[in-house]
Amino acid sequence: MKGRLQMSIDISKDLKEILDDYAIEVSEEVDKASNSTAKSVAKDLKSSSPKKTGKYGQSWSNKEERGTVLNKAFVVYNKEHYRLTHLLEYGHATVNGGRVPPRPHIKQAKERGMQFFEKKVRKMISGK
């Protein structure tokens with residue numbers, strides 16, 4: 001048939017490009033949410049940690065762990081008194097056979113951080 005123009009549309013290439021751009025954008029926003037969540041959890045732990053001298057609570061910090069460019073990991077940790085975290089969170093035995101009761105604070109901060117992170121990601125994905 002002469003005079004007929006055939007045109008093929010390769011929509012899969014365009015769709016792949018759009019989805020790749022969206023994935024990069026979402027990944028960057030999730031990294032931002034992860035960073036702000038780590039900062040929030042460290043701040044929460046500073047205020048909710050058991051206080052004797054206050055040094056334990058003030059040594060909470062966060063840092064970025066190794067990860068790919070689009071998939072970063074953030075860690076909340078106690079810089080100075082990392083040996084005490086498990087003992088305070090779960091309690092421990094004493095020398096004379098007694099027990100020191102647990103003072104849970106890390107698990108609660110983690111749960112609040114997970115809710116904070118989920119809220120930020122949902123807000124970012126919905127565009128609000």
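The values are calculated or read from the model by the stated rules, or taken from the named source; none is laboratory data. In this text, all values refer to a predicted model and were calculated from it rather than measured experimentally. Neighbour counts run over all protein chains shown; Cβ positions are idealised from the backbone, glycine included. When the accessible area is computed, the model is the full protein with side chains, heavy atoms only, and any ligands, DNA or RNA have been set aside. Shrake-Rupley method; radii C 1.70, N 1.55, O 1.52, S 1.80 Å.
Okay, here's what the table says:
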item	result
Solvent-accessible area, 1.4 Å probe, carbon plus sulfur percent, for the range 21-128	55 percent
Label-to-label distance, nm, for residues given as Tyr90 and Glu17 (7 Å Cα→Cβ offset)	5.4 nm
Environment charge of Glu28, counting only residues whose C-beta is closer than 12 Å and scoring Lys/Arg +1, Asp/Glu -1	-2
HN-Hα J in Hz across the range 23-36 - Karplus 6.51, -1.76, 1.60, θ = phi - 60°, x for Gly and Pro	4, 5, 5, 5, 4, 5, 5, 5, 4, 5, 5, 5, 5, 5
With 10 Å bins from 0: P(r) over the range 55-128, alpha-carbon pairs, percent	15, 34, 30, 15, 5, 1
Point-to-point label distance, Arg4-Lys79, nm (Cα→Cβ direction, 7 Å offset)	7.5 nm
Prolate/oblate/rounded call for the chain, Cα gyration tensor, a/c under 1.5 rounded	prolate
Amide hydrogen neighbours beyond the local backbone of His92, cut-off 5 Å, H modeled	Val100
The range 32-128: chymotrypsin sites (Phe, Trp or Tyr not before Pro) in DSSP coil with no more than 13 other Cβ atoms inside 10 Å	Tyr82
Charge context of Lys43, other residues only, Cβ under 14 angstrom, K/R +1, D/E -1	+3
Exceeding the 26 Å Cα-Cα cut-off - candidates Lys16/Lys110; Lys13/Lys119; Lys51/Lys107; Lys63/Lys120; Lys52/Lys72; Lys55/Lys120	Lys16/Lys110; Lys13/Lys119; Lys52/Lys72; Lys55/Lys120
Computed FRET value (nearest 0.05) for Glu29 with Arg99, which takes r as the C-beta separation and R₀ as 41 Å	0.35
Relative contact order (%) - criterion: Cα under 8 Å, at least six apart; region: the chain	23 percent
Phe74 long-range amide H proximity, modeled H, under 5 Å	Glu65
Degrees between helix 106-126 axis and first principal axis of the chain (Cα, 0 to 90, nearest 10)	20 degrees
Average accessible surface area per residue within the chain, 1.4 Å rolling probe, Å²	81 Å²
Contact order normalised by residue count of the range 69-128, Cα under 8 Å, 6+ apart, percent	19 percent
